Structure formats: structure tokens, C-alpha cells
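Down below is the structure, laid out as C-alpha cells.
Laboratory data are not the source of any read-out in this text; all were calculated from the coordinates shown. Keep in mind it's a predicted model, so treat the numbers as computed, not measured. Note that each Cβ is placed from the backbone with ideal geometry, even for glycine, and that neighbours are counted across all protein chains shown.
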Amino acid sequence: MKTEQADNYRESIIALLTAEKLPTADLPETLETFLVTKQDDEVTGVVGLEIYGDFALLRSLAVDKAYRNHGLANTLLTEIEALAASKNLQAIYLLTETAPDYFSRKGYDKITRADVPAEVQQSTEFSHVCPQSAIVMRKAL
């Protein structure tokens with residue numbers, strides 16, 4: 001399944017993220033660094049990057065329950081990592097409460113919040129959206 005740029009699918013993305021209990025209130029105004037997968041006209045998956053200087057925060061990786069176990073998350077993650085690499089970013093950071101094992105298998109390492117660059121720590125995800133209990137991970141590009 002192909003990915004496409006997400007700007008035109010904001011409402012569908014919000015619905016999917018809400019269903020997956022992921023934050024939506026702080027989504028960027030434009031979703032130019034977000035990707036979706038679709039089946040017919042339905043958004044089946046989403047992933048995004050927030051860029052802070054030479055680094056990115058991975059957020060909102062979600063696949064509709066009806067489309068899981070078909071490789072969509074892997075496709076989305078591979079494509080968003082390629083986008084980050086094309087922008088010459090140094091590393092991707094993320095916060096997760098539910099999927100550290102998945103991201104470990106994809107080459108992300110657990111780190112402490114103190115290991116995260118200051119500009120990424122200023123993001124809403126780090127500063128107040130995700131709880132302190134969330135696991136912080138990084139993948140160098």
C-alpha cells in the first residue's frame with residue numbers, strides 16, 4: 001500500500017488518532033510532514049514528524065484496527081524515516097507508552113529524557129502531552 005502526503009486528510013487523521021487514544025489537540029496546523037495510507041477513500045494509517053532543527057519527533061503512528069498485521073505500520077515508518085533522511089536530519093525521537101518493543105525491533109534505542117536535544121524537549125509532546133512515564137526512544141539517521 002502506498003503512502004501519500006496527509007494535508008488533505010486532517011479530519012480522518014483526527015478520527016483515527018482519537019480511536020487509538022493518541023493526542024490530537026496539538027497537531028500542527030499543516031500536516032506537510034505527515035503521511036497516510038488509504039484503502040479506497042478511507043485513511044487506514046498515519047504517521048508524522050515534527051522537525052526541530054536537525055532532529056525530528058516521530059508522532060501519531062497509528063493503523064486502523066481493521067488493517068493491522070498487513071505491514072502498514074512498517075510502510076509508514078520506513079517512508080517517514082526516508083523523509084527525515086531526505087531533510088538531512090540527524091535523529092528521530094519518539095515517546096511511547098504502548099510500543100517500545102515494536103520500535104526496538106525497528107532500530108530505536110531507549111534513552112532518557114535528559115538525552116533528548118533541548119529543542120525537541122520544548123515540543124508539546126515532551127513538555128505536557130505525553131506523561132512522564134512514557135518511554136523515550138531515538139534512532140540515529
Amide hydrogen neighbours beyond the local backbone of Phe34, cut-off 5 Å, H modeled: Ala6, Leu49
statement: Diffusion coefficient in µm²/s returned for the chain by Stokes-Einstein, Kirkwood Rh over C-alpha pairs, 4 °C and 1.567 mPa s, is 86 µm²/s
query: When the chain is modelled as a GNM with alpha-carbon springs shorter than 10 Å, which of Ala25, Ala62, Ala73 fluctuates the most?
result: Ala25
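Which shape class applies to the range 64-141: rounded if a/c is under 1.5, otherwise prolate when a/b exceeds b/c and oblate if not, where a ≥ b ≥ c are the square roots of the Cα gyration tensor eigenvalues? Can you show the working numbers first?
Numbers: a/c = 1.86, a/b = 1.28, b/c = 1.45.
Oblate, since a/c reaches 1.5 and b/c is not below a/b.
Among 53-59, 11-17, how do they line up from the highest to the lowest mean number of other beta-carbon atoms within 10 Å?
Answer by packing, highest mean first, reads 53-59, 11-17.
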message: Can you compute the radius of gyration and Dmax for the range 96-138, using only the Cα atoms, both in Å?
response: 10.4, 27
- request: Hand me the tally of lysine pairs in the chain: alpha carbons under 29 angstrom apart, and the pair either on different chains or 8 or more positions apart.
  value: 23
Residues with amide H under 5 Å from that of Leu89, placed H, sequence gap 5 or more: none
field: Descending semi-axes in whole angstrom, ellipsoid equivalent of the range 37-86, from the Cα gyration tensor
entry: 23, 10, 9
message: If the elastic network links every pair of Cα atoms under 10 Å, which of Glu125, Glu50, Glu97 fluctuates the most in the Gaussian network model of the chain?
response: Glu97
Size-normalised alpha-carbon gyration radius of the range 1-82, reference 2.2 N^0.38 Å: 0.99
task: Express the relative contact order of the range 12-89 as a whole percentage, based on alpha carbon pairs under 8 Å and six or more residues apart in sequence.
output: 27 percent
- request: List, in order, the whole-Hz ³J(HN,Hα) value for each residue of the range 18-33 obtained from phi through the Karplus relation with A = 6.51, B = -1.76, C = 1.60 and θ = phi - 60°; use x for Gly and Pro.
  value: 5, 4, 8, 6, 9, x, 10, 4, 9, 4, x, 4, 10, 10, 5, 10
